[in-house]
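The values are calculated or read from the model by the stated rules, or taken from the named source; none is laboratory data. A quick note: this is a predicted structure, and the numbers were derived from the prediction, not measured. Quick reminder, even Gly has a Cβ in these numbers, built from the backbone with ideal geometry, and neighbours come from all protein chains shown.
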Amino acid sequence: MRIDAIDQRGVYSPLRRFMKLILRDKAGLFGVILFLLIVLIAIFAPQISPHDPLQQNLRLSRQPPAWQAGGTWEYPLGTDNLGRDMLSRIIYGTRVSLTVGFLGVLIASTLGLVLGMLAGYMGGRTDSFIMWITNLFLAVPYLLLVVVVASILGRSLLNVILIFGFTNAPLFVRITRGEVLRIRKSGYVESAISLGASQGRILFDHILPNLIGPLLTVATFEMSGMIFYEAGLGFLGLSVPPNIPSWGNMLSAGRQYIQFSPWIAAYPGLAIVFTSLSMNLLGDWLRDVLDPKIRRSA
Amino acid sequence: MNSNVNSNKNDKPILEVRDLHVRFDTVDGVIYAVNGVSFDLYPGETLGVVGESGSGKSVTMMSLLRLIPEPPGRIVSGTARFRSREDDLDLLQLNMRQRAKIRGNRIGFIFQDPMSSLNPLITIGEQIKESLERHTKWRGPEARQRVVELLEHVGIPDPDARYGNYPHQFSGGMRQRVMIAIAIACDPDIIIADEPTTALDVTVQAQIVDLTRRLSEELGIAVIWISHDLGVVAGIAERVMVMYGGTVVETGVVDDLYAHPRHPYTVGLLGALPKLHENVPELVNISGTPPSLFAAPSRCPFEPRCPWAFKTCRERRPALESVQRDGHFSACWYDMEKDKPREVRR
Amino acid sequence: MQRYLLSRLIQSVVLMIGVLVLVFFIVRLTGDPARLMMPRDASPENIQAFREAMGFDAPLHVQFFNYMRGALTGDFGRSLHYRAPAMSLVVERIPATLELALAALFFALVVSIPLGIIGGTRPGSIWDTLCRGIGLIGQTVPNFWLALMLIVFFSVELRWFPTFGRDGLRSLVLPAIALGFFPLGKFTRLVRASVLEIRNEDYIRTAYSKGLLEQHILTRHIFRNVAITLVSIVGVQFGYMLGGSIYIESIFAWPGIGRMVNEAVQARDFPLVQAIAVFTAGFVVLLNLLTDIAYAVIDPRIRYEN
């Protein structure tokens, strides 16, 4: 009792430590807030959009943003080539991007987790085979793969989600397998095995909880990557059908008018930058918080 | 008593450290790693520094030439007077360039893990030579020749051929010999050896201990030998300094301190050691855990684990005080010889 | 070292065979490659004729055998659009793409290495903040958007550089910056992180304990170790840039492989797409092999392995 009392005297309280962690990383805090904001925008898109994102008005086409000559606050970020409100389209575009990001990562991580655990746990031929396929996918230039498959499958939201879900799985396989091997070798799992714990128990009690940290961090970065690449596909006209307002489709349209109406391409791009920024900051922050080794040094 | 030690007494210490305080600022709180350490090192002697990990023994010695990571490390106060033929200066007051002139030149270092202490991408010959070229006039082929001699001196067979080898082509013991060659390359006054045998096999340990002892005698180098192993220290040191919780708790000549330990912690340590001396009191296990260093010490750091602890121990920190025999000091409120609390002057 | 290189070589060959198989199946992903390759309004008779002409009516294993036999001789069929052998069309486009990718790589390395080293040696300084900022921006700014914005500012507004085409050094600047921006961020991050990490290594403490000066430690003890980490990623990033060039070459009308991908996809010229995919993947496999060889040259732990 007494020793504990002494030991705790100079140690910061958990709350203070947490605050220190957050405040030390102001960028991380910014990332978390920005991310939550973007999610809220996606959810409440119909409520906050000033206009119908699909409403065309050719008489009002290519109006500049409000602060430029000829712009009005009726259309704060201007209108596109068909006279649709840029701001509303960007707000709705959040939905496409986040849907692709969330579901894509969900598929990729689930697939990666199962295959990675299988490879790391079974070893032998299963391992070799899974890793060979994984490395094969990692050897092909990612963008090329995505572009080719997307062009073959055709434009639809489901196809895009499936493409990202499957093509991103290899990364998760690799990380899961690496972690499983590392954790299996660690002392406490070996002792659990020697104490006669069942395979399933070891997997779910010891290995799975340890995987959550690294996978969560990677998932954040990958989600950002998918949003990026979805926009890229849209830019080439290979993502969701053109009638759906997505940032990639907007960029694709904006490219034609880049000389005289640059805002049509500029603002959807900024939306991608901010979304990607929030997820990268979030990922960096998660990595710092979840890795006790880094946390140690002030 | 050891005549060697007495003759040393007539010299001035080559190194005088006074009231050194070092802290580490971490997310979890401030760690009080070294709390007022003072000691002397005499020319040519070997001083063993003993303590558990976290006792501050390495931090103390590495702080002298600022080889601790800063931040989080921070040397708060203290002096370290270094007095050799050419120099008389306070190591802690030096600027970066001045420190770099002392490091590897007047004071050499040997570290714990010879596997990671050598750069894997540079040949061992080059790693020794760069020290020579930094501090001495040796250059080119002459420097190379000198390196080959050094390698031979530390017992590396076929040194000429081995010059161009990379660290991974050497065994652990051989790498530690290379580290020793680096440490003695510029004929230093002091070598600080930070647990140099901990990572090695027992037989190799003995070889490294012998080599260090031989070289320090031949070249008249003073050695600070940091270890958590009292047995190893008994084999190499003339004097011992026992550290606990970032303070020196006892210091004295090896034979005297081992035969008549005066601090309860030393008594415990010796109890944990395979019997070397018959008259060591029985106290095989030191119960409890090493102290947490998250608070500024205001009491005896060993008090929570000490079987002799009493009221004063919880109120005030004991200072090192001379106990009967010459050069033997202990920081304890309890007089082990009289088996009663020491009289405390207020 | 020979054994190391031999095993890497075998791995590469096996991987390349895997790539061929992968491409074969991807093109047949919808189950009916003939319909995929023909215009949407083509009559069933035309599609059937095309199917027979391309050999898509044969059993799958026969198709596979023919495909692999063709692949071994470099024959990937004829482009439907250009009506010429697909692989030779790809080969014609190599110099332009290589020029652009190398320029982008050069831009990324020249900026990131000094920046990452300064940032890594002075954690917490302004330079470090700049480093982390660039690392972050590189990862968050899509290159196709950056390319458009560069055109808006430097071509349309300032008229410093041409908006498109491949015509001398001036036309190379904007596409190279746009394509090199992502690797720039990656390299800066990596160099900074590896300098930070290496500075904590025991052997760096040894270097300091020898009294070596900061400058010397940086050039002799840190650079080489950073180079090893850099080598491992330069190849990967180069491969990435081949993908990124699909956008950049399309935007700047740069007559390389990337633009050809876009054109072939839009024209549904899948024999050409297939040839590009195999070529690019093969190039990446080769890059990985070169990376492994470079490793062996720099790192004595591999060079002297028996």
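Things to note:
- Enumerated strands (runs of 3 or more DSSP E) restricted to region B:27-116, each holding at least 1 residues that are over 23 Å from C:Ala207 (Cα atoms): B:29-41, B:46-50, B:73-83, B:88-90
- Exactly one residue among B:Gln176, B:Gln145 is assigned to a helix (DSSP H, G or I), within 14 Å of chain C (Cβ to nearest Cβ) and farther than 22 Å from C:Leu213 by Cα, and that residue is B:Gln176.
- Hey, A:Ser194 of a type in the set (Gly, Ala, Ser) and either buried (at least 21 other Cβ atoms within 10 Å of the Cβ) or within 25 Å of the chain's Cα centre (by Cα) (or both) or not: no
- Some residue of region C:61-73 being of a type in the set (Gly, Ala, Ser), away from chain A (no Cβ under 14 Å) and either part of a helix (DSSP H, G or I) or more than 23 Å from the chain's Cα centre (by Cα) (or both): yes
- Residue that is nearest to the other protein chains (Cβ to nearest Cβ), among those in region C:29-42 that are in contact (Cβ under 8 Å) with a residue 24 or more places away in the chain and surrounded by 17 or more Cβ atoms within 10 Å (Cβ to Cβ): C:Leu36
- Here the condition is being at pLDDT below 90, more than 18 Å from the chain's Cα centre (by Cα) and part of a helix (DSSP H, G or I); of A:Leu54, A:Leu29, A:Leu87, it holds for A:Leu87 alone.
- Selection status of C:Leu196, aliphatic (A, V, I, L, M) and more than 30 Å from B:Ile128 (Cβ to Cβ): no
- Residue list for region B:81-118, restricted to those being touching an Asp or Glu at 6+ places or on another chain (Cβ under 8 Å), at the interface with another protein chain (Cβ under 8 Å from one of its Cβ atoms) and surrounded by 15 or more Cβ atoms within 10 Å (Cβ to Cβ): B:Ile102, B:Phe109, B:Phe111, B:Asp113, B:Ser116, B:Ser117
- Test result for A:Gly225, under 15 Å from the mean Cα position of the chain (by Cα), of a type in the set (Gly, Ala, Ser) and surrounded by fewer than 24 Cβ atoms within 10 Å (Cβ to Cβ): yes
- In region A:117-135, the residues that are closer than 14 Å to A:Leu203 by Cβ never reach a residue that is exposed (fewer than 13 other Cβ atoms within 10 Å of the Cβ) and hydroxyl-bearing (Ser, Thr, Tyr) with C-beta atoms less than 8 angstrom apart, at least six apart or across chains.
- Just so you know, in region C:43-57 the residues that are among the small types (Gly, Ala, Ser) and more than 36 Å from the chain's Cα centre (by Cα) include one that is surrounded by the fewest Cβ atoms within 10 Å (Cβ to Cβ), and it is C:Ser43.
- Those residues of region B:179-205 which are within 20 Å of B:Gly44 (Cβ to Cβ), buried (at least 23 other Cβ atoms within 10 Å of the Cβ) and more than 13 Å from chain C (Cβ to nearest Cβ), in sequence order: B:Asp189
- Of all residues making up region B:167-194, the number that are of a type outside the set (Lys, Arg) and closer than 16 Å to B:Asp113 by Cα: 18
- The number of residues in region C:179-204 that are within 11 Å of another protein chain (Cβ to nearest Cβ) and of a type in the set (Ser, Thr, Tyr) comes to 1.
- Flag if A:Tyr142 is within 17 Å of A:Phe221 (Cα to Cα) and hydroxyl-bearing (Ser, Thr, Tyr): yes
- Residue match in region B:69-80 (condition: surrounded by fewer than 16 Cβ atoms within 10 Å (Cβ to Cβ), more than 14 Å from chain C (Cβ to nearest Cβ) and among the β-branched types (Val, Ile, Thr)): yes
- Filter result for A:Pro46 (surrounded by 13 or more Cβ atoms within 10 Å (Cβ to Cβ), at pLDDT 80 or above and more than 14 Å from chain B (Cβ to nearest Cβ)): no
- Any hit, region C:118-138, residues being buried (at least 16 other Cβ atoms within 10 Å of the Cβ), away from chain A (no Cβ under 14 Å), free of Cβ contacts under 8 Å to residues at least 40 places away in the same chain and touching a Phe, Trp or Tyr at 6+ places or on another chain (Cβ under 7 Å): yes
- First in region A:150-164 and at positive phi, second anywhere and buried (at least 18 other Cβ atoms within 10 Å of the Cβ), Cβ under 9 Å, 6 or more apart: A:Gly154/A:Leu238
- Options A:Gly254, A:Gly234: the member that is closer than 25 Å to C:Phe164 by Cβ, more than 9 Å from every other protein chain (Cβ to nearest Cβ) and either in contact with a Phe, Trp or Tyr (Cβ under 8 Å, 6 or more places away or on another chain) or crowded, with 24+ Cβ neighbours inside 10 Å (or both): A:Gly234
- All helices (runs of 4 or more DSSP H) inside region C:205-306 with 1 or more residues being within 14 Å of chain A (Cβ to nearest Cβ) and not charged (D, E, K, R): C:223-251, C:257-266, C:270-298
- Any hit, region A:139-148, residues being in contact with a helix residue (DSSP H, G or I) (Cβ under 6 Å, 6 or more places away or on another chain), at pLDDT below 80, in a helix (DSSP H, G or I) and within 14 Å of chain C (Cβ to nearest Cβ): yes
- Neighbours by Cβ (under 6 Å, 6+ apart or cross-chain): first from region C:142-156, more than 7 Å from chain A (Cβ to nearest Cβ); second surrounded by fewer than 22 Cβ atoms within 10 Å (Cβ to Cβ): C:Phe154/C:Trp160; C:Phe154/C:Phe161; C:Ser155/C:Phe161; C:Ser155/C:Thr163
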